[in-house]
1. Calculated FRET efficiency, K92 and C182, Cβ-Cβ r, R0 45 Å, to nearest 0.05?
2. Efficiency by 1/(1 + (r/R0)^6): what FRET value for V210 and Q22, r their Cβ-Cβ distance, R0 = 45 Å, to the nearest 0.05?
3. If you take the square roots of the eigenvalues of the alpha-carbon gyration tensor of region 2-61 and sort them as a ≥ b ≥ c, do you get rounded (a/c under 1.5), prolate (a/b over b/c) or oblate?
4. With a ≥ b ≥ c the root eigenvalues of the C-alpha gyration tensor of the chain, is it rounded (a/c under 1.5), prolate (a/b larger than b/c) or oblate?
5. Under 10 Å, Cα contacts only: if you run a Gaussian network model on the chain, which one of P184, P203, P77 comes out with the highest mean-square fluctuation?
6. Given a Förster distance of 35 angstrom, what is the FRET efficiency for S221 paired with A58, based on the Cβ-Cβ distance and rounded to 0.05?
7. Given 0.36 nm per residue, what is the gain on full extension from E30 to R165 after removing their alpha carbon distance, in nm?
8. For the modelled label position 7 Å from the Cα of T123 along Cα-to-Cβ, which residues of region 42-62 have backbone nitrogen atoms closer than 11 Å?
Amino acid sequence: MTEALIAAWNTTSPVIVSNLLQDTYLFKFEHQLDVYNVLQEAPWSVAGNLIVLERWRATMDWTFSSTEMWLQLHDIPEELHDPDLITRLAHKLGEVSRVQYINGVRGGQRLKFYRVHTRVDVTKPLRRSLKIKRRSGVDQAAEIKYERLPLFCYYCGYLGHDEQRCRVLFEDETSHRASHHCDPVVPCSEFLRRRFMPYLRCPAPGARLVEHAMTIFPKASPPQTTPRQS
Ligand SMILES: [Zn+2]
């Protein structure tokens with residue numbers, strides 16, 4: 001399992017791996033650049049299963065409850081395209097390390113969205129939208145999409161299983177069928193309609209669009225000027 005993961009990381013220097021606890025491994029990187037790239041390209045998965053990465057702490061009090069991820073915020077009205085406002089909005093998603101504005105063309109299609117690098121709590125269902133307030137005072141929902149989404153349940157919104165293995169779906173469907181006297185053999189159309197949430201999975205924007213992205217958080221620090229000596 002770890003061999004496949006390390007091969008996928010494609011690091012510039014070898015990675016030393018040791019088994020710490022059951023299902024918990026310690027990866028030692030020789031170069032900081034490799035750690036940076038691995039975390040930037042998270043989440044990682046093996047056979048669809050999420051690998052949760054945390055930095056080493058001598059206290060060993062890891063929680064493995066969140067993973068770094070790139071999220072995309074779509075459908076932000078033009079009137080709200082203000083870097084400070086978008087940054088404040090992005091911080092509602094969690095511990096944000098970077099916000100980019102993607103504005104370019106891919107495959108003949110104009111793409112405009114914000115891209116947020118943040119830690120996502122994997123012990124809760126994924127958020128599907130973010131509430132935004134229009135200048136008119138009307139509330140609107142900005143759609144959230146997830147890059148490199150691993151095994152995910154479109155019914156309950158949790159990572160780590162699919163609809164086939166979802167106990168919530170199984171129980172809801174069983175009680176629905178019992179109360180509505182549905183045919184036990186025919187797929188229940190009412191239930192099929194309810195089981196799929198909006199499409200949360202999306203591809204990464206690609207190297208060319210990322211290269212031309214505008215970073216709006218963290219803000220670039222102004223050039224340092226040294227007082228002139230007289
Ligand atoms: Zn589920």
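What follows is calculated from the coordinates using simple rules that are stated; it is not laboratory data. Note that the structure is a prediction, hence the values are computed from the model and not measured. Methodologically, a virtual Cβ is constructed for each residue, glycine included, from the backbone with ideal geometry; neighbour enumeration extends over all protein chains shown.
1. Approximately 0.70, to the nearest 0.05.
2. Numbers: r = 37 Å, r/R0 = 0.82.
The calculated FRET efficiency here is 0.75.
3. It comes out rounded by the Cα gyration axes.
4. Oblate is the answer for the chain, as a/c is 1.5 or above yet b/c matches or exceeds a/b.
5. Maximum among the listed residues: P184.
6. Details: r = 31 Å, r/R0 = 0.89.
Once rounded, the FRET efficiency stands at 0.65.
7. Between E30 and R165, full extension yields 44.7 nm more.
8. none
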